[in-house]
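Asker: Okay, here's the structure, questions in a sec.
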Amino acid sequence: MKRQKILFTALVLSLTLLCVSVCAQMARPYHNGSVWMLAFIRIKPGMDAAYMNHVATEWKGIQEAAKKEGLILSYKVLVTEGHTPGDWNLILMTEVKDLAALEAGEKKADALAQRLVGDDKKQMQGYHEREEIREIIGNRIAREIVLEPER
């Protein structure tokens with residue numbers, strides 16, 4: 001009985017090591033890329049010019065400053081049609097190197113916003129004012145997957 005238990009344990013250990021070695025050698029045709037922060041926005045009817053003015057000035061200014069300080073890699077603005085009255089029609093995209101860089105840069109990003117926009121009260125006032133022209137439908141963080149060339 002004791003011998004069977006030892007043999008069983010050895011078999012399980014051997015299979016586990018085999019699985020680990022096979023899994024470690026698995027070739028994946030991709031690697032993790034950068035991380036994107038996505039904000040899905042619904043611009044309220046008739047407010048396109050007003051909101052795009054904010055995006056092209058204040059939002060872009062913050063993005064450019066964050067890029068200059070190495071907090072972000074890039075940013076993009078995508079516009080689309082909403083399919084329902086409550087659907088988003090604009091995406092604000094900000095790219096960072098990885099999740100670690102996103103977390104490590106949090107305090108620097110807060111300090112940058114304080115310097116460029118103002119204190120917390122001033123920032124909240126801006127959020128409140130923009131509620132009149134847009135609605136934030138949701139936010140996501142997504143990792144880019146970089147596909148390897150075919151061999």
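Please treat every number below as a calculation from the coordinates, not as lab data. On a predicted model such as this, the values are computed, not experimentally measured, just so you know. Positions of Cβ are backbone-derived with ideal geometry, glycine not excepted, and every protein chain shown enters the neighbour counts.
Asker: With respect to GLY82, is the statement that it is touching a Phe, Trp or Tyr at 6+ places or on another chain (Cβ under 8 Å), of a type in the set (Gly, Ala, Ser) and over 23 Å from ARG143 (Cβ atoms) true?
Answerer: The answer is yes for GLY82.
Asker: Moving on to the next point. Output the number of the condition that ILE136 fails; it satisfies all remaining conditions of (1) hydrophobic (A, V, I, L, M, F, W, C); (2) assigned to a helix (DSSP H, G or I); (3) touching a residue at least 40 places away in the same chain (Cβ under 8 Å).
Answerer: (2)
Asker: How many of the residues in segment 71-110 are surrounded by 12 or more Cβ atoms within 10 Å (Cβ to Cβ) and either in contact (Cβ under 8 Å) with a residue 24 or more places away in the chain or in a helix (DSSP H, G or I) (or both)?
Answerer: Final tally of qualifying residues: 24.
Asker: Does segment 111-119 contain any residue that is closer than 16 Å to ALA65 by Cβ, within 17 Å of the chain's Cα centre (by Cα) and either part of a strand (DSSP E or B) or among the aliphatic types (A, V, I, L, M) (or both)?
Answerer: Looking through segment 111-119, none of the residues is closer than 16 Å to ALA65 by Cβ, within 17 Å of the chain's Cα centre (by Cα) and either part of a strand (DSSP E or B) or among the aliphatic types (A, V, I, L, M) (or both).
Asker: Next question. Is there a residue in segment 104-125 that is of a type in the set (Asp, Glu) and closer than 30 Å to GLY33 by Cα?
Answerer: Scanning segment 104-125 turns up at least one residue that is of a type in the set (Asp, Glu) and closer than 30 Å to GLY33 by Cα.
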